[in-house]
Structures are given as structure tokens and as C-alpha cells.
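Here the structure comes first, spelled out in C-alpha cells, and everything after it is commentary.
Where a number appears in this text, it was derived from the coordinates with a stated rule and is not lab data. The structure displayed is predicted, hence computed values, not measured ones. Don't worry about glycine lacking a Cβ; one is built from the backbone with ideal geometry, like all the others, and counts go over all protein chains shown.
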Amino acid sequence: MVVEQLENICRALPWCQGLSWRFSDLRKDALADLYAALEGLSLRFCELQPIFKGPTTKNSLGVALARYLYDHPDRCQATLHSINRCAGLPEAASLLSN
């Protein structure tokens with residue numbers, strides 16, 4: 001569910017970013033709202049990943065993921081898929097725990 005919600009936000013970002021200057025207030029508010037939702041969902045996504053250890057790591061990675069997805073919404077699906085794939089690898093957990 002979290003991944004689907006992140007993907008939906010990533011699909012909405014280019015549309016909001018493309019609003020014309022006549023809608024600058026709406027654009028600014030919509031982008032701020034989307035970023036807040038993206039950050040909250042990114043934090044939740046990282047909490048669900050078993051390879052991320054400790055609240056500090058999960059929080060910093062969640063914020064970094066939100067920023068990355070905000071800047072590169074076209075890479076959302078591939079990025080989330082890669083993180084999910086890595087989370088299933090036992091060597092990823094041992095690498096991050098060192």
C-alpha cells in the first residue's frame with residue numbers, strides 16, 4: 001500500500017510542477033502538500049524495510065528518499081523496486097549493520 005501511494009504522488013508531481021505561472025499559488029501549495037505526503041510515506045517505507053537499522057538511519061534515509069523522489073519522480077518505481085529487492089538479500093543486512 002505504501003509503495004502504491006508513493007508511486008501515485010510521483011505521478012502527480014510532474015503535473016503540479018507543470019502548472020503555468022497563472023496558478024503559481026496553487027502550484028506552490030500543491031507541491032508543498034505533495035512533498036509533505038512524500039516525506040511521511042518515505043519514512044514509513046523505510047520503517048518497513050528490515051535492512052535499515054535504528055530510528056536515526058530510518059529517518060535520515062526516509063528524508064533522503066523523499067528528496068530524491070521529489071527531484072526524480074520518473075525514477076520512483078525503479079528506485080522503490082531496487083530497495084525492496086535489496087531488502088530481501090541477506091548480505092544487504094550484514095553490510096548495513098557494520
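Brief remarks follow.
- Among 83, 9, a tally of other beta-carbon atoms within 10 Å of each Cβ gives an order, fewest to most, of 83, 9.
- Shape call, region 1-69: gyration tensor on alpha carbons, a/c limit 1.5: prolate
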